[in-house]
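The next block holds one structure in the form of C-alpha cells; read it before the comments.
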C-alpha cells in the first residue's frame, strides 16, 4: 500500500545521532511526509547549579556546558557579566579572546566536516579531516595548557597571554591550514559522489530560514548574510570588519542544501585563519586582565548590581547568555543560556520533509546540532504521559511481593 | 588528491604515539611492574606543553590557610582542615582549571605536569593531596 503513512521513531538514543533527541517521522514509502521533534533528554539543570555558585565557579561550569564550545560559552558569559558589572576589558585581552574564539571555530568546523563525511559513508575523508584537525588542537593545547577545556576567559580579561615565542607556532598553524584548505575544498566540494549525496538534500529556503530564525552557518547557507560578528559587533570584531560568508563567495547561488552548508563551514575556516593572522599583527601590548588579583575580582563582583546580555557567534551560530546580579549576593540571581541549536531546531522540519529515509543522518547532522548546549528545559506533559520514578517503581514492586506473600492475586 | 594521500600513508609512520608499549600488553599493571624491574622498556608519552594544567601540587609549608582556593574551586575539590589550618585536595573531583593556582596569594599551589591519574579507587593515596 504505497499511500499508507507509517510512523518511524528515531532516538532518543540511536547510532545515527551523536546526542539524545527523538524524531518521529511520518513516512510514505521511502519519502518523509512529516516530522515531530522532541528534545530535552540532555537537560542537566546547569543554570540552576550556576545560581548556587559564585561567579568564578559559574565560569568553569559554563565551559562544561559543551566540550566543543568550551570557548564560546565562557566568552559569552564574561561579556554578559562585564556588561552587568561595568568591567572594562583591556584591548590585548579582547584580541586574545578573538584569537581563541577563531581557533575554536577552525576545530569545530573541521570536526563537523569529518562527521558529515562519515554520515555520507566517506570514512576516508573523516579520517583525513580529523587528522588535520589535530594541528589546531595541538596549538590550543600549547597556548592554553589543555586540549579541550581551555580555561582562558575570566571576567575582565583572559588568564593566559600568547608569548612572543608562541607567535611563530600560531603562524605555522595558519600556513599549514592555508596549504591544506584547497585540498580539503577539493575533496569535499569538487567530489562528484559528495555532490550527488548533498545537492538538493535538506533544503532550507531563505524565507523559511528567516521566519524560523535560523542562525549561524544554517542561515548563511540559505543566503542570509547573518552573522553576529557583523551585525552586532563585540570585542574587536568591529575593527576587524567581519563579513558573513554565504555560498556566493564560492561563486554559487545559495540553495540552502547540505552542500551549501559544507561550503559555508569550509570557507569560514579560511576566514578564521585570516582573522587570527590580523589579530596577531594588530594586537597591542599591555595588560591581559583588569583584575590581576582574584580576591579583588570576587569583592567587585559581589558589589555589582544589574543585568547583562552577552552575545557571540559560536561555530554553530549565535549564543546568548543573560545574567542578573544583585549587590551583596555572590551567586547570579538569574542565568539564562540560549545556544545556537535552539534557534536552528525548527529549521529541521522543512529540511526533512519530502526527503528519503536514507538522508536522515546527513540532514540531522547538517545543522551541526549540539543537544547538550541546547537542552535548558525538559517539558513533561503530565496529562498524556505518565512518568514513574525509581522510588515509585520500587514501592510498587515491594507491594506486589507483599500481596503475593499474603496469597493475594494481581492488583 | 585523496588517493595520493592514502598511498603515501602506507609508507609513513602512524601519527599516534604508542604509549605505554608498541603493542597493548595483556595487563597494563603487569607491564608497568616489568618496567620497574627493568625487564621491559616504556614508550614515553608525548611531552605535555609548558603551560599544562595537571594534578595540583601543594606546598604545605607555604600555605597560610586563607581558604581562597576553596572559594574559587568550581568542583569543590578542596577540604579545609580547621585544626591545622591547611587543606586537603580530592583530585578525583578536580576539573584542572587551575583557578586555585591563580587565586593562591602565597604560591603554595602549582599545576604540575602529572597527568597519569587513572585509578580504580577515588580515595587512593595518589588522588589525595595534602
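In summary, segment A:289-356 shows an alpha-carbon radius of gyration equal to 1.69 times the 2.2 N^0.38 Å reference for compact globular proteins. Mind jotting down the distance between the C-alpha centroids of segment B:63-130 and segment A:261-310, whole Å? What the calculation gives is 28 Å, centre to centre. Residue ranges A:71-82, A:182-193, B:99-110 sort as A:71-82, B:99-110, A:182-193 when ordered by packing (mean number of other C-beta atoms within 10 Å per residue, highest first).
Shown here is the pair-distance distribution of segment B:56-129: with all Cα-Cα distances grouped in 5 Å bins from zero up to the longest one, the shares run 3, 16, 30, 27, 17, 6, 1 percent. Its residue count N fixes a reference of 2.2 N^0.38 Å for segment A:65-192, and the Cα radius of gyration divided by that reference is 1.19.
Peptide A:287-295 is shielded by partner chain Cβ atoms: per residue, an average of 2 of them sit within 10 Å of its Cβ. Using C-alpha pairs below 8 Å separated by at least 6 residues, the relative contact order for chain A is 25 percent.
Based on Cα atoms of chain B, Rg over Rh with Rh as the Kirkwood radius reads 1.13. Remark on the protein assembly as shown: ratio of C-alpha radius of gyration to 2.2 N^0.38 Å is 1.08. Shielding by partners for peptide A:141-151, expressed as the average number of C-beta atoms from other protein chains within 10 Å of each residue's C-beta, is 5. Its DSSP H runs of at least 4 residues, each contributing -39,500 (n - 2.57), put the calculated 222 nm mean residue ellipticity of chain A at -15000 deg cm²/dmol, to the nearest 500.
Just so you know, all these numbers are worked out from the coordinates, no wet-lab data involved. None of the values given here were measured: they were computed from a predicted structure. Using ideal geometry, Cβ is built from the backbone for each residue, glycine included, and neighbour counts are taken over all protein chains shown.
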